[in-house]
Each structure stands twice: as C-alpha cells, then as structure tokens.
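Colleague: Here you go, one structure.
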Amino acid sequence: MVTRHRHRRRRQMSEINVVPYIDVMLVLLVIFMVTAPLMMEGIQIDLPNTDAPPIVGDPNNTPFVVSVDEERQIYLNENEEPVKDIATLQASIRAVLRRNPEAAFHLRGEAAVDYNFVAHVANKMQQAGASKLSFVTQYQD
C-alpha cells in the first residue's frame, strides 16, 4: 500500500505586525514632548508698565507680533533673528494680510527704546496695511 503524504502548504500571514511601529511612535512622542518646550524661546523685551487691564482677544485669531528691542532691532513673532530693514517688515505684513485679511498685529516696544522709533515702526506697519494694530504693555497692579 502506497501512502501518500500530503504536503500542506503553510499559508503566508498577510497581516502586518504593528507592534514595532507603535513602539517607535511612542518613543518619538516622548522625544517631541520633551524637546518642544525647549524650542519655544523668544525675545526678552522689557515692556513699559501701565495700569490698564489686559484686553481679551479672539482665541481663533492669533496676532502677528512685532517686537522692537533697545538696540532698535525688529523681530517678528518671537523669531530670534531680527529683520533686515523696514521693507522686509512691510513685506511680511503684506504676506500675512494676503493669507488673513482680518489679522491683528501687536507691537511690543521695549521701555528703553526711543518712542519716535516705535512710532516710526507703527507708521510703517500701518502703511503696509496693518489696520488692527495694538501696543503691548506690561500690566502692573
């Protein structure tokens, strides 16, 4: 009697093992959670003090912030590199207004900077189209 050996072919598994991908994702999540706060550095500006209460703005419309430090350097949105000149500032404002015509602008002038220069920057911002312009001060009770 001849016996036949049936050879059963193993079916290949067609499912993807996602466990290693989940491990990698969790490690990346932890890395980003630790490094994100370290990357949130900004320009330290000593703002003038006032007794005016803070204005609550629209939480959905983040303002475009222009900062002027004591050396008359102009910074955009907490960027650590100053802009080259007023024309670059105006071009940035026009680009923001093209994306969002309702954009709000905040001007942060350090307390020690000459008021004439801050007024000059505000004037150039308005010439570029920044109609919603606010001055930022430090609230002191």
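The values are calculated or read from the model by the stated rules, or taken from the named source; none is laboratory data. What you see is a predicted model, and the numbers here were worked out from it, not measured in a lab. When we count neighbours, we look across all protein chains shown, and the Cβ atoms used for this are built from the backbone with ideal geometry, even at glycine.
Residue-by-condition table, conditions (1) at pLDDT below 80; (2) within 24 Å of the chain's Cα centre (by Cα); (3) hydrophobic (A, V, I, L, M, F, W, C); (4) surrounded by 10 or more Cβ atoms within 10 Å (Cβ to Cβ):
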| site | (1), (2), (3), (4) |
| --- | --- |
| H7 | yes, no, no, no |
| Q12 | yes, no, no, no |
| I16 | yes, no, yes, no |
| I31 | no, yes, yes, yes |
| A36 | yes, yes, yes, no |
| M40 | yes, yes, yes, no |
| N49 | yes, no, no, yes |
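Colleague: If you scan segment 99-126, which residues turn out to be loosely packed, with under 12 Cβ neighbours inside 10 Å, within 22 Å of the chain's Cα centre (by Cα) and over 30 Å from P37 (Cα atoms)?
Modeller: P101
Colleague: Let me ask you something else. Is it fair to say G109 is touching a helix residue (DSSP H, G or I) at 6+ places or on another chain (Cβ under 7 Å), at pLDDT below 85 and closer than 21 Å to T62 by Cα? Don't jump to the end; show me each part of the working.
Modeller: Values: touching a helix residue (DSSP H, G or I) at 6+ places or on another chain (Cβ under 7 Å): yes; at pLDDT below 85: yes; closer than 21 Å to T62 by Cα: yes.
Judged against the criteria, G109 is a match.
Colleague: Condition first: assigned to a helix (DSSP H, G or I) and in contact (Cβ under 8 Å) with a residue 24 or more places away in the chain. Now tell me which residues in segment 67-90 satisfy that. Outline the logic, then answer.
Modeller: As a first pass, look at segment 67-90 and keep what is assigned to a helix (DSSP H, G or I): 86-90.
Scanning segment 67-90 gives I86, L89, Q90.
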